[in-house]
Amino acid sequence: MKILSKLLVLGAALAASTSCAYADTLGAGAIGVGPAPNGQAIIHWTSTGIYYNPAGDAVVNEANGSLTSYLGAAVGVNGFQFSSVSSATPVEVYFTTNGTDTLDYYLTSLTVVLDDTATLVLDGTGYFVDSAYANTAANLEITASDNGVTNYETTSAIAATPEPGSLMLLGTGLLSAAGIARKKFASKLS
């Protein structure tokens, strides 16, 4: 009987929690940002940061999921000091627009994976901000080489956020299972 009570309480809690849960409206997706066809946005780096010469212009060269509308869009990229990146002071790495919405990427943590005279590889975490939606967690990898080729791979990491419908389905399923088990248990006692 204690198990049935626990199932009932758990099911009720999950069903009730759907009012508190949310699904991120930006959705899962990935963006790849590379150099613009006109060859601008040549990356330079030191052991302490990256910067662009001339000013950072790039393009979204791959996009999927909810971010496909940004494919081919112009991108403004920003240089930054590695030490300035933290969750307390997020750094805007790039921004783009698809004509109606603006998408910004802010970096909150950074790891230098490789930094030698020919190659730079950075891994980081941060979030997207879309002009229509709230913050969406996303991972970032920046790669650059001495010939100026640079690439940003940003992947939204929100797939694990349960949506209200899924929680409601799980909660009502648990409540139903507990109700059926209770009926069977009660009929065996009579």
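The values are calculated or read from the model by the stated rules, or taken from the named source; none is laboratory data. Here the structure is a predicted model, which is why all the values come from computation and not from measurement. Note: ideal-geometry Cβ built from the backbone for every residue, glycine included; neighbour counts use all protein chains shown.
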Q. For the subset of the stretch 120-137 comprising residues that are surrounded by 13 or more Cβ atoms within 10 Å (Cβ to Cβ) and modelled with pLDDT under 90, which member is farthest from Tyr51 (Cα to Cα)?
A. Tyr133
Q: Tally the residues that are assigned to a strand (DSSP E or B) and among the β-branched types (Val, Ile, Thr), restricting the search to the stretch 46-70.
A: 3
